[in-house]
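These notes concern the structure reproduced below.
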Amino acid sequence: MNIIILGGDGYLGWPLSLRLAQGGHRVLIIDNLLRRKLVASCGATLLDLPTPQERIDFANKRLGCDISFLEADASEADLGAVFSSFKPDLIYNLAQQPSAPYSMSSRMAALQTIRNNELSNMNIIWSVRDYDPRIPVVKMASFGAYANCGIDIECGYFKPEINKKKVSQPILFPMSADDIYHTTKINDVQMNSMACREWGMNIVEVMQSTIFGVCEEGLSGENALYTRYDYDAMFGTVLNRFILQAVSGLPISVYGTGHQRTGLMSLGAAVRSLSSLTTSPSPSGHRFINHVTISDMSVLEIAQSVQASARKMGIQAEITVGSENPRAENVQRKQTYGVQSSIARKESIEAFFPEIATHILKRSAFIDPNMLVPNVSWGTPQTAKPVEPARPVRPHRPAAGFEGLQVVGGLA
Ligand SMILES: NC(=O)c1ccc[n+]([C@@H]2O[C@H](COP(=O)([O-])OP(=O)(O)OC[C@H]3O[C@@H](n4cnc5c(N)ncnc54)[C@H](O)[C@@H]3O)[C@@H](O)[C@H]2O)c1
């Protein structure tokens with residue numbers, strides 16, 4: 001197949017591109033490098049990544065892949081011209097600004113997130129509509145966009161019954177968000193729903209839970225092929241940050257009470273599941289996948305699971321609870337949820353801990369503890385409490401057995 005991956009230079013997009021190319025597909029990555037630029041300006045990452053072209057050349061040469069790269073902004077590029085020349089059979093849209101804290105950090109960041117995410121989605125679906133509306137589009141959405149409203153979360157559409165009357169046709173499951181990034185995902189769902197109804201398009205909405213891990217399989221230890229691992233308070237995701245804190249001798253910092261609930265999925269499982277869409281029957285209309293393999297854990301339970309896994313490797317990690325929650329979340333609304341129709345496979349944090357911990361420990365000299373401290377508070381200027389200053393951290397103590405490891409980031 002000829003496959004376009006918009007956002008293929010990102011945390012998820014790069015291993016997905018590699019897997020699809022290793023499976024014999026011809027892959028075109030379109031990316032404007034927004035993630036690299038934002039992390040360079042206000043984030044922190046473990047790896048010194050090669051340029052996109054460097055790592056693509058490396059993959060094509062060493063792994064026999066057929067990957068090409070176009071640096072372009074999905075929100076304004078003439079994608080129709082690209083489609084006419086590349087002739088895609090399948091399109092993945094991962095090209096979004098995915099940080100909720102970043103989207104809430106300033107007026108300009110809010111506007112940038114809306115423009116980037118919503119205009120990209122519209123440019124992509126409109127261009128597919130004009131080129132060939134039958135081409136399937138896989139859109140990365142977010143599990144966090146679902147409203148946790150006291151009933152099990154159905155897969156996208158459902159048929160509620162009110163006053164003993166059932167709706168005549170399935171309607172979208174309620175969605176609601178506490179931040180601008182997730183709200184852009186909700187708005188995209190509405191646009192995609194309209195495009196499938198009115199233009200006969202085929203869009204799979206992947207309701208992605210929080211991804212964690214490193215997905216080393218098939219990389220043969222080649223540093224040049226690893227995906228990014230961002231750990232700062234703006235772009236790092238919860239479990240990746242907790243594991244990094246635990247193995248770096250830093251306290252695992254749980255915001256607020258830790259009763260917020262979330263779903264998780266390993267990077268490897270997400271990549272395998274997304275790449276399997278090349279062999280599943282073409283979607284018709286607007287379809288949803290609830291992409292979660294570890295469902296309904298509280299943030300405190302996640303921290304405790306990391307602590308227990310660390311202990312098995314001889315690492316004593318401390319958990320701190322009760323600091324101001326900069327996310328101003330409505331914890332009541334996130335008390336608990338059931339999941340309908342998620343993918344079948346189940347995973348555990350414990351099973352992945354050693355691989356991720358080893359990955360981090362090899363690169364621990366890159367870690368700047370100050371970058372883990374949240375610096376965005378989401379309330380209004382009237383209600384927001386100042387974010388706590390950085391706590392003094394314990395000096396970094398590598399776990400037993402890892403004392404001699406040195407930084408090995410960058411090109412192999
Ligand atoms: N990582 C997670 O835990 C998670 C959870 C839920 C949903 N998602 C979604 O999955 C997708 C991939 O997430 P990720 O973690 O790999 O994020 P990422 O930021 O690493 O990847 C997104 C990529 O898209 C690119 N991009 C952004 N805007 C673009 C534009 N206008 N034109 C071209 N390229 C653009 C970025 O440069 C980046 O390389 C995103 O849509 C994200 O919202 C991720």
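FYI, it's all coordinate maths here, none of it is from the lab. These numbers come from a predicted model, not from an experiment. No Cβ is skipped: glycine too gets one built from the backbone with ideal geometry, and neighbour counts run over all protein chains shown.
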Tensor-based shape of the chain (alpha-carbon gyration tensor, a/c under 1.5 rounded, otherwise prolate or oblate): oblate
In range of the label at residue 217: residues from the stretch 13-30 whose backbone nitrogen is under 15 Å from the point 7 Å along Cα→Cβ: 15-23
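For the chain, list the DSSP H helices whose alpha carbon atoms reach 30 Å or more along the long axis and whose average Kyte-Doolittle value is -1.0 or above?
Within the chain the helices that satisfy the rule are 107-131.
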Förster-model FRET efficiency, 35 Å R0, residue 284 and residue 323, C-beta, rounded to 0.05: 0.15
Distance-filtered residues of the stretch 286-311 - backbone nitrogen under 13 Å, label point 7 angstrom along residue 152 Cα→Cβ: none
Helix-only mean residue ellipticity at 222 nm for the chain, each DSSP H run of n ≥ 4 adding -39500 (n - 2.57), per residue, nearest 500: -10000 deg cm²/dmol
GNM flexibility winner over the chain from 367, 125, 151 (Cα, springs under 10 Å): 151
Rounded to 5, percent antiparallel among DSSP beta bridges of the chain: 20 percent
Cβ-based charge dipole, the chain, positive-most Cα from 83, 274, 171: 171
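Roughly how big is the chain's charge dipole about its Cα centre, with Cβ charges of +1 (Lys, Arg) and -1 (Asp, Glu), in debye to the nearest 20?
About 660 debye.
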